[in-house]
Amino acid sequence: MAEINTAVAGEKAPAVSGVRRKRSNLLAHPGSAVLKGLVWGAAGITFLVLLFLIGYILVMGIPNLSPKLFAWEYTTENVSMLPAIVTTVMLTGLSLLIAVPVGVFAAIFLVEYAGRQKKLVGIIRLTAETLSGIPSIVYGLFGMLFFVTALHWGLSVLSGSLTMAIMILPLIMRTTEEALKSVPDSYREASFGVGAGKLRTIFCIVLPAAVPGILAGVILGIGRIVGETAALLYTLGSVAKVPGSLMDSGRTLAIHMYSLSSEALYMDQSYATAVVLIVLVLLINWLSAWVAKRVGAKG
């Protein structure tokens, strides 16, 4: 037996050494060094550009931050951003409240129930990909014609939220679908093995395991909502006040910053608004990551 093991090991050794020799030759090739340099260079340039943008905004915006910019009312003497912050939070929350359940349930249907209906799945995925490729201005025109004009809702938080929900729906659906596919089938088989039904398996086993991937799509959707201006100008409006209800108009931080910079009279306040916008996005991302970590640890 020992002689057999020795012979097998002797046969494997040349193969392993041959693989290592091929790898060393590949790494020693001049082209590999060039490709490695290009990869590192691209990563470095991306990091430097991001660092420059954030640093420039912070340097230009932090000195212009003052307590009066967070007053409750917006006036010509004090272009407060607090109404825009409140409107941004309201719009983001309502849009996610509409888009996330629809997107998650659609993804569950595609992954867990529609496996054999290839034509239906193909049509749904083609529709989602088409929606994700439509420019935001087209969504704005649709929202203006349908929600604002046809339904007589006017420029309001509700019209803007529904428009943004349609915009981020394909993104949430696709990311949720990929997150559900990444859950191992052994989880489902183990749940079925202890007598759990399909619905209980999905909501108690599969969805908690896919929460980090789902939240990644939610974070991307939040970024698109917070940074959108074109579609919201036609549906939400640009009134600089705190909305009293969902049928009132308002302006988000992005629209607020755009309005200030377009007037060319409040550039310092525009940079300060950009700082608050970055901080708000970072806080939302941190909160989403914290929720994903807690849910994953609980699971």
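Things to note:
- When the inverse distances between all different Cα atoms of segment 106-215 are averaged and flipped, the Kirkwood radius reads 16.0 angstrom.
- Solvent-accessible surface ranking, highest first, for R294, R188 at 1.4 angstrom: R294, R188
- Selection among I166, I98, I108 by position relative to the dipole of the chain gives I108 as farthest towards the positive end (Cβ unit charges, Cα centre).
- Structure-based [θ]222 nm, the chain - -39500 (n - 2.57) summed over DSSP H runs of at least 4, per residue, nearest 500: -24500 deg cm²/dmol
- Pair A150, S186: separation of 7 Å Cα→Cβ label points (nm): 5.1
- Furthest towards positive pole of dipole, F70, A240, F146, structure part the chain, Cβ charges: F146
- FRET efficiency, E77 to N285 (Cβ-Cβ, R0 41 Å, nearest 0.05): 0.75
- About the centre of its Cα atoms, segment 164-275 shows a dipole size close to 320 debye [charges on the beta carbon of Lys, Arg (+1) and Asp, Glu (-1) only; nearest 20 debye].
- Hull-based mean projected area of segment 154-194, where the convex hull spans the alpha carbons, in square nanometres: 4.2
- Sorted largest first by accessible area at a 1.4 angstrom probe radius, with every protein chain in place, the residues L283, L236 fall in the order L283, L236.
- About its Cα centre, segment 79-214 has a charge dipole of approximately 320 debye under the convention of +1 per Lys or Arg Cβ and -1 per Asp or Glu Cβ, with nothing else charged.
- Length gained on full extension, L141 to L53, computed as 0.36 nm times the residue gap minus the Cα-Cα distance: 28.6 nm.
- Sequence-distant residues sharing a close amide H with Y266 (under 5 Å, placed H): none
- Along each principal axis, taking the top coordinate minus the bottom one, the Cα set of the chain gives 92, 53, 36 Å in descending order.
- Here segment 136-204 and segment 232-263 have alpha carbon centers that stand 25 Å from each other.
- Translational D in µm²/s for segment 182-238 (Stokes-Einstein at 10 °C, 1.306 mPa s, Kirkwood Rh from C-alpha pairs): 114
- Between P63, P212, P30, the residue with the greatest mean-square fluctuation in the GNM of the chain (Cα pairs under 10 Å linked by springs) is P30.
- Principal axis extents of the C-alpha atoms in segment 142-299 (largest first, rounded to whole Å): 66, 38, 25.
- Unit charges on C-beta of K, R, D, E only; dipole of the chain, Debye: 1140
- Scanning the chain for long hydrophobic helices, with DSSP H runs required to stretch 18 angstrom or more by C-alpha along their axis and to average at least -0.5 on the Kyte-Doolittle scale, returns 2-28, 30-61, 82-108, 118-132, 157-182, 207-227, 267-298.
- Accessible surface of M257 - all protein chains present, 1.4 Å probe, nearest 10 Å²: 50
The values are calculated or read from the model by the stated rules, or taken from the named source; none is laboratory data. Quick caveat: nothing in here was measured; it's all calculated off a predicted structure. Don't worry about glycine lacking a Cβ; one is built from the backbone with ideal geometry, like all the others, and counts go over all protein chains shown. For the accessible areas, the whole protein counts, side chains as well, though only heavy atoms, and no ligand, DNA or RNA atoms are used. Shrake-Rupley method; radii C 1.70, N 1.55, O 1.52, S 1.80 Å.
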